[in-house]
Amino acid sequence: MEPWITPVLVGAVATLAMDLWTLARSRFFRIPSLDYRLVGRWLLWLPRGRMSHHPITSSAPMSGERWVGWTAHYLIGIAFATILLAVAGSGWSSHPTIGPALAVGIGSVAAPFLIMQPALGFGFAASRTPKPAAARLRSLATHAVFGLGLWAGGWVAVGLSAFFGRIS
């Protein structure tokens, strides 16, 4: 496979795992997840010079925010997969191990804690939410699932590489 395909595949699988986790959590336990439309709104306000909102839900909606938010969500997942592959080395992509994947997945929780939650008006590490400890725990669990998804995505990439290697 082309070298760029592996991080795209690993990141997309991991992000999909995260999305399935949040969907199940929402459906079975009625725990809401981040509406990526709000991420899109934040990104679309950036060129207008607005970096933070108090909260983002009180800022005017922007055209295309849902598409922009979901696209950014998957591109960020691919970026973290690229970091994993760069740090873990080429051996990881041929034999994925869970340790580096979980480390990157859990470490990726720094992005919402330090960047997204403050920028969206939810405070550092969700400090301005009604239940900050619960929000932090949900974020940590979700990013651990993302780490498991990175590992699974690595194995999907290995399997597809072997499959396409056999038919070419």
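Only the coordinates and a few stated rules stand behind these numbers; no lab work does. Since the structure is predicted, the reported quantities are computational estimates derived from the model, not experimental observations. Cβ atoms come from the backbone with ideal geometry, glycine included; neighbour counts cover every protein chain shown.
General observations
- Positive-end residue, the chain charge dipole about Cα centroid, Cβ charges, pick of MET51, PHE80, ALA110: MET51
- Here r is the Cβ-Cβ distance between ARG50 and TRP70 and R0 is 30 Å; the resulting FRET efficiency, rounded to 0.05, is 0.90.
- Taking the fewest neighbouring Cβ atoms within 10 Å as the starting point, the ordered list for MET62, MET18, MET51 is MET51, MET62, MET18.
- Unit charges on C-beta of K, R, D, E only; dipole of the chain, Debye: 600 debye
- ILE106-SER26 FRET efficiency (beta carbon distance; Förster radius 25 Å; 0.05 resolution): 0.70
- The gain in end-to-end length when the LEU114 to ALA60 segment is fully stretched comes to 17.1 nm, 0.36 nm per residue minus the alpha carbon separation.
- Here the extension length gained between ALA79 and LEU160 equals 27.1 nm, from 0.36 nm per residue of separation less the Cα-Cα distance.
- Counted charge near LEU38, where neighbours are those whose Cβ lies closer than 11 Å (Asp, Glu -1; Lys, Arg +1): +1
- On Cα atoms only, tilt of 132-167 relative to the major axis of the chain in degrees: 30 degrees
- Taking trypsin sites (Lys or Arg not before Pro) as exposed when DSSP calls them loop and at most 15 other C-beta atoms lie within 10 angstrom, the chain has its longest site-free stretch at 51-168.
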